[in-house]
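Asker: The structure's right below; bear with me while I get my questions together.
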Amino acid sequence: MDLSSIKSWWQGLNIREQRLVIVMGLVFSAFLLYSSIWQPLNESLAKTEQKLASRQALLTWVTENTARYQNIKSTGGGTKNSGSLSSIINRTANQQQLTITRMQPQGESLQVWLDNAPFTSLLFWLEHLANNENLQVQAIDLAQSDKQGEVRVRRLQLGRK
């Protein structure tokens, strides 16, 4: 359709039909604007507000738990770190059924020797000391034992974190 045919079609309509076409054109334009612009903007705004509320709740949770973590960390709470270094090491070694052959204090740390310790038990013990007792391995010297799966701990230096 070209412009002249549209113009002749328009002029062929009576006034009442022309008004109806104008009103329908306005209604269709309003619907088109609403469905293509207004509604997507409102949905996007609602989703953004929901994300914001979720992120604010997460931030509140992180802030509260960070403060609690810092408090626990500074007071040493949550650990069984009561007692001397040697008592902690003896108690936890007995729990893992490890036999300590010798212990020697080295300033703020403690050197430990074990003969024929199962390697997996040794690893579990060291993991327990690091995660639950707030101790860290400062130095370790291992040697292969005569038995399969066992090691000799020539020197293990443990200290507080």
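The values are calculated or read from the model by the stated rules, or taken from the named source; none is laboratory data. A quick note: this is a predicted structure, and the numbers were derived from the prediction, not measured. Don't worry about glycine lacking a Cβ; one is built from the backbone with ideal geometry, like all the others, and counts go over all protein chains shown. Keep in mind that these areas ignore ligands, DNA and RNA; they rest on the heavy atoms of the full protein, side chains included. Shrake-Rupley method; radii C 1.70, N 1.55, O 1.52, S 1.80 Å.
Asker: Scan segment 101-154 for trypsin sites (Lys or Arg not before Pro) in coil per DSSP, keeping those whose Cβ has at most 11 other Cβ atoms within 10 Å, and list them by number.
Answerer: 147
Asker: Only four residue types carry charge here, +1 at the Cβ of Lys and Arg and -1 at the Cβ of Asp and Glu. Report the dipole size of the chain about the Cα centre in Debye, rounded to the nearest 20.
Answerer: With Lys and Arg at +1 and Asp and Glu at -1, about 260 debye.
Asker: Could you pull out every one of the aspartates and glutamates with an alpha carbon less than 16 Å from that of residue 7, ignoring same-chain neighbours closer than 8 positions?
Answerer: Cross-link targets: 17.
Asker: Once each part is reduced to its C-alpha centroid, what is the distance from segment 97-155 to segment 15-52 in angstrom?
Answerer: The two parts, judged by their Cα centres, are 74 Å apart.
Asker: Here's another thing I want to ask about it. What is the helix-to-structure angle for 119-132, meaning the angle in degrees between its Cα long axis and the longest Cα principal axis of the chain, kept from 0 to 90 and rounded to the nearest 10?
Answerer: The two axes meet at around 60 degrees.
Asker: Percent of accessible area on the chain owned by carbon and sulfur, 1.4 Å probe?
Answerer: After summing per-atom areas, the C and S share lands at 56 percent.
Asker: OK, next. All other residues with a Cβ under 11 Å from the Cβ of residue 136 taken together, and with Lys, Arg as +1 and Asp, Glu as -1, what is their net charge?
Answerer: +1
Asker: Averaged per residue, what accessible surface does the chain expose to a 1.4 Å probe, in Å²?
Answerer: In whole numbers, the chain has 75 Å² accessible per residue.
Asker: If you don't mind, there's one more thing I want to ask. Have a look at 29, 56, 67 and report the one farthest towards the positive end of the charge dipole of the chain, computed about the Cα centre with Cβ charges (Lys/Arg +1, Asp/Glu -1).
Answerer: 67
Asker: Taking the Cα atoms only, what angle lies between the long axis of helix 85-95 and the longest principal axis of the chain, rounded to 10 degrees?
Answerer: Long axis of 85-95 versus the principal axis of the chain: about 80 degrees.
Asker: Additional query: Using only Cα atoms and rounding to the nearest 10 degrees, what angle (0 to 90) does helix 39-75 make with the longest principal axis of the chain?
Answerer: Helix 39-75 sits roughly 20 degrees off the main axis of the chain.
Asker: Counting other Cβ atoms within 10 Å of each Cβ, which GluC sites (Glu not before Pro) in segment 99-138 have at most 11 and sit in a DSSP loop? Don't skip to the end; give the middle numbers.
Answerer: Numbers: sites: 108, 127, 133; in loops: 108, 133.
When the GluC sites (Glu not before Pro) of segment 99-138 are filtered for loop state and at most 11 Cβ neighbours within 10 Å, 108 remain.
Asker: Same structure, new question: Where q = 0.13, 0.19, 0.20 Å⁻¹, what log10 of I(q)/I(0) comes from the Debye formula for the chain, counting one point per Cα?
Answerer: Normalising to I(0) and taking log10 leaves -0.79, -1.14, -1.19.
Asker: Additional query: Report, in deg cm²/dmol and to the nearest 500, the calculated mean residue ellipticity at 222 nm for the chain, where each DSSP H run with n ≥ 4 adds -39500 (n - 2.57) and the sum is divided by the residue count. Could you put the intermediate results ahead of the total?
Answerer: Working: 5 runs with 91 residues, N = 161.
Calculated at 222 nm, the ellipticity per residue is -19000 deg cm²/dmol.
Asker: 7 Å from Cα along Cα→Cβ at both residue 15 and residue 2: what's the point-to-point distance in nm?
Answerer: Inter-label distance under the simple model: 3.2 nm.
Asker: When only C-alpha pairs under 8 Å and at least 6 residues apart count, what is the relative contact order of segment 28-161, in percent?
Answerer: 19 percent
Asker: Can you work out the PRE-style zone for residue 34? Point 7 Å along Cα to Cβ, and I want the residues of segment 1-26 with backbone N under 13 Å.
Answerer: Answer for segment 1-26: 26.
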